[in-house]
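J.: First the structure, which I've put down as structure tokens, then a few questions once you've had a look.
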Amino acid sequence: MLYTFLKYYVRLCLFFYHKKIKVVGKENIPKNGAVLFISNHPNALLDPILIVTNNVRDIHFLSRASAFKNNIIAKFLKSIKMIPVYRKRDGVDILVENRSTFSKSVELMRTKKTLYIAAEGSHNVQRRVRELKKGFVHVIHDTLKKHPEVNIQIIPIGLNYDTVLDYSSSVAVYYGKPINVKEYYVKNDSLPSTNKLLKVVRNSMKTLTTHIENEESYDKILNKLNALNVDYLNPVKTNEIIESLDDYSIDTQKHSTKKRKSLLYYFVVLNSLIPWIIWKKLEKNIKEKEFISTFRFAVGSTLFPLFYIIQSLIISCFFGNIIALIYFGCSILIGLLLTKTSKI
């Protein structure tokens, strides 16, 4: 019940947070059976949140173990189907804890459930699919060694943001065609089958999101794409443009234009002054830029509505319930209008 409630509440909050959410290829998601969802990872915790809330299946997903340090928080995270995964930076000794993580992952596959893994291993705002880590392939091999009858499907996913750092952004989630792992699994030949599967999944993901292959010319190509004002929510068209960039006459000279805040923005800030101040102080302490949107979303989906509720209760004490309800509704409405009309 908690998982279901949070799934729909967070989905509602995402509607208020993003200007537009576009989902393509949901028909590719198997309605039953073991499924591994594999995606690129440009935007920290917003990536799994978007996939979980725009999916017909209930999804378990791996998350960095540092989020599970507090016992109370750990219990809550596990209740919403999060599984801790440990990295080398967490300490060599603690890596043994991953045995439990892999065991749980294998059990999910055996019982025909789902698991989401951001297979690049870390977040990065670059518009490219990086080399995939082998963790999800190990889950496949361990499962099929113990339970060869299990049929595992991989659904590659491309996450496409028009901007990762700014508010309000739009996002497109592209689900690719299922990949049957048994077509690439060789029981006693793990290395070649692993490399082949990694290549097949990555190649599929490269068609589902903007992919700039040339790392040395990455900034130059990105500047050209920005100058062309490409639609990053349409990776198929954008990748076609990348392939034929030499055919375009492009002026990449940057013109400094100061972005002006709308009157609506200042009205929302004035009406939400305390949570807005908390957010601005929190933003200064965020060390990894990929977490900016995650923390902004967390504050926006908790402190802002809570603050409106408190203000509504105060208003009801002086002016009655009707006026309080009108105020609360207007606060929500102008927040939604700001999201849907903001220009990045």
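The values are calculated or read from the model by the stated rules, or taken from the named source; none is laboratory data. From a predicted model like this one, the values you see are computed outputs, not experimental measurements. Counting neighbours? That spans all protein chains shown, and the Cβs are built from the backbone with ideal geometry, glycine included.
J.: Between LEU198, LEU245, which is of a type outside the set (S, T, N, Q), within 26 Å of the chain's Cα centre (by Cα) and within 30 Å of SER39 (Cα to Cα)?
T.: Details: LEU245 fails: within 26 Å of the chain's Cα centre (by Cα).
Answer to the check: LEU198.
Residues are listed down the side, and each one gets a yes or a no for (1) in the same structural domain as GLU288 (by TED's automatic domain parsing); (2) closer than 30 Å to LYS289 by Cβ; (3) of a type in the set (D, E, K, R):
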{"position": "ILE140", "(1), (2), (3)": "no, no, no"}
{"position": "LYS145", "(1), (2), (3)": "no, no, yes"}
{"position": "GLY158", "(1), (2), (3)": "no, yes, no"}
{"position": "LEU165", "(1), (2), (3)": "no, yes, no"}
{"position": "VAL171", "(1), (2), (3)": "no, yes, no"}
{"position": "TYR175", "(1), (2), (3)": "no, yes, no"}
{"position": "ILE179", "(1), (2), (3)": "no, no, no"}
{"position": "LYS196", "(1), (2), (3)": "no, no, yes"}
{"position": "VAL201", "(1), (2), (3)": "no, yes, no"}
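J.: Also, I was wondering about something else. Give the residues of region 1-40 that are under 21 Å from LEU62 (Cα atoms) and touching a Gly at 6+ places or on another chain (Cβ under 8 Å), sorted by residue number.
T.: SER39, ASN40
J.: If you take the residues of region 272-294 that are part of a helix (DSSP H, G or I) and among the basic types (Lys, Arg), which of them is nearest to the chain's Cα centre (by Cα)?
T.: Our first condition is that a residue be part of a helix (DSSP H, G or I); within region 272-294, this holds for 273-284, 289-294.
So of that shortlist, the ones also among the basic types (Lys, Arg) come out as 280-281, 284, 289.
On the way: LYS280: 22, LYS281: 24, LYS284: 22, LYS289: 14 Å.
My answer is LYS289.
J.: For region 327-344: of the residues being without any contact (Cβ under 8 Å) to a residue 24 or more places away in the chain and in contact with a helix residue (DSSP H, G or I) (Cβ under 9 Å, 6 or more places away or on another chain), which is nearest to SER168 (Cα to Cα)?
T.: CYS330
J.: Whether any residue in region 79-93 is within 20 Å of GLU290 (Cβ to Cβ) and either at pLDDT 90 or above or of a type in the set (Gly, Ala, Ser) (or both) is what I want to check.
T.: There is no residue in region 79-93 that is within 20 Å of GLU290 (Cβ to Cβ) and either at pLDDT 90 or above or of a type in the set (Gly, Ala, Ser) (or both).
J.: State all residues of region 38-66 that are in contact with a helix residue (DSSP H, G or I) (Cβ under 6 Å, 6 or more places away or on another chain) and under 15 Å from GLN153 (Cβ atoms); if no residue qualifies, say none.
T.: ILE38, ILE59
J.: Kindly check whether there is at least one residue in region 248-261 that is touching a helix residue (DSSP H, G or I) at 6+ places or on another chain (Cβ under 8 Å) and small (Gly, Ala, Ser).
T.: Looking through region 248-261, none of the residues is touching a helix residue (DSSP H, G or I) at 6+ places or on another chain (Cβ under 8 Å) and small (Gly, Ala, Ser).
J.: Exactly one condition in (1) exposed (fewer than 15 other Cβ atoms within 10 Å of the Cβ); (2) free of Cβ contacts under 8 Å to residues at least 40 places away in the same chain is not met by ILE315; state its number.
T.: Exception for ILE315: condition (1).
J.: Picking from LYS224, LYS182, which residue would you name as being within 22 Å of ARG127 (Cα to Cα), without any contact (Cβ under 8 Å) to a residue 40 or more places away in the chain and surrounded by fewer than 20 Cβ atoms within 10 Å (Cβ to Cβ)?
T.: Numbers: LYS182 fails: within 22 Å of ARG127 (Cα to Cα).
After applying the criteria, what remains is LYS224.
J.: With the condition kept exactly as written, say whether any residue in region 200-220 is of a type in the set (Val, Ile, Thr), without any contact (Cβ under 8 Å) to a residue 24 or more places away in the chain and surrounded by 13 or more Cβ atoms within 10 Å (Cβ to Cβ).
T.: Of all residues in region 200-220, those of a type in the set (Val, Ile, Thr) come to 200-201, 207, 209-210, 212.
Adding the requirement that they be without any contact (Cβ under 8 Å) to a residue 24 or more places away in the chain leaves 200.
Then keep just the ones that are surrounded by 13 or more Cβ atoms within 10 Å (Cβ to Cβ); that gives 200.
Checking region 200-220: at least one residue is of a type in the set (Val, Ile, Thr), without any contact (Cβ under 8 Å) to a residue 24 or more places away in the chain and surrounded by 13 or more Cβ atoms within 10 Å (Cβ to Cβ).
J.: On the given criteria, is ILE314 farther than 19 Å from ARG11 by Cα, in a helix (DSSP H, G or I), of a type in the set (Val, Ile, Thr) and at pLDDT 95 or above?
T.: Values: farther than 19 Å from ARG11 by Cα: yes; in a helix (DSSP H, G or I): yes; of a type in the set (Val, Ile, Thr): yes; at pLDDT 95 or above: yes.
It is true that ILE314 is farther than 19 Å from ARG11 by Cα, in a helix (DSSP H, G or I), of a type in the set (Val, Ile, Thr) and at pLDDT 95 or above.
J.: Now, a different point. Right, ILE334: part of a helix (DSSP H, G or I) and more than 18 Å from LEU12 (Cβ to Cβ) or not?
T.: Numbers: part of a helix (DSSP H, G or I): yes; more than 18 Å from LEU12 (Cβ to Cβ): no.
So ILE334 fails the test.
J.: Restricting to region 7-26, give me the number of residues that are in a helix (DSSP H, G or I) and either buried (at least 16 other Cβ atoms within 10 Å of the Cβ) or among the small types (Gly, Ala, Ser) (or both). Even if it seems obvious, please write down each step before you answer.
T.: Start the filter on region 7-26 by keeping residues that are in a helix (DSSP H, G or I), which leaves 7-17, 26.
The next check asks that each one be either buried (at least 16 other Cβ atoms within 10 Å of the Cβ) or among the small types (Gly, Ala, Ser) (or both); those that pass are 7, 10, 13-14, 16-17.
Residues that pass the stated criteria total 6.
J.: Working only within region 202-256, note down all residues that are at pLDDT 95 or above, in a loop (DSSP other than H, G, I, E, B) and of a type in the set (S, T, N, Q).
T.: Once the filter is applied, which keeps residues that are at pLDDT 95 or above, in a loop (DSSP other than H, G, I, E, B) and of a type in the set (S, T, N, Q), region 202-256 yields THR207, THR209, THR210, ASN234.
J.: Please count how many residues of region 27-40 are surrounded by fewer than 20 Cβ atoms within 10 Å (Cβ to Cβ) and either assigned to a helix (DSSP H, G or I) or within 16 Å of the chain's Cα centre (by Cα) (or both).
T.: Of the residues in region 27-40, 2 are surrounded by fewer than 20 Cβ atoms within 10 Å (Cβ to Cβ) and either assigned to a helix (DSSP H, G or I) or within 16 Å of the chain's Cα centre (by Cα) (or both).
J.: Look through PHE267, PHE297 and report the one residue that is more than 23 Å from the chain's Cα centre (by Cα), surrounded by 11 or more Cβ atoms within 10 Å (Cβ to Cβ), in contact (Cβ under 8 Å) with a residue 40 or more places away in the chain and part of a helix (DSSP H, G or I).
T.: Numbers: PHE297 fails: more than 23 Å from the chain's Cα centre (by Cα).
Among PHE267, PHE297, only PHE267 is more than 23 Å from the chain's Cα centre (by Cα), surrounded by 11 or more Cβ atoms within 10 Å (Cβ to Cβ), in contact (Cβ under 8 Å) with a residue 40 or more places away in the chain and part of a helix (DSSP H, G or I).
J.: Out of all the residues in region 1-54, which are of a type in the set (S, T, N, Q) and touching a residue at least 24 places away in the same chain (Cβ under 8 Å)?
T.: At the first step, the residues of region 1-54 found to be of a type in the set (S, T, N, Q) are 4, 28, 32, 39-40, 43, 53-54.
The answer is ASN28, ASN32, SER39, ASN40, ASN43, THR53, ASN54.
J.: Still on this structure, I have one more. Do we find that ASN43 is in contact with a Leu (Cβ under 8 Å, 6 or more places away or on another chain) and either loosely packed, with under 14 Cβ neighbours inside 10 Å or assigned to a loop (DSSP other than H, G, I, E, B) (or both) in this structure? Write out each step before concluding.
T.: Details: in contact with a Leu (Cβ under 8 Å, 6 or more places away or on another chain): yes; either loosely packed, with under 14 Cβ neighbours inside 10 Å or assigned to a loop (DSSP other than H, G, I, E, B) (or both): yes.
For ASN43, the condition - in contact with a Leu (Cβ under 8 Å, 6 or more places away or on another chain) and either loosely packed, with under 14 Cβ neighbours inside 10 Å or assigned to a loop (DSSP other than H, G, I, E, B) (or both) - is met.
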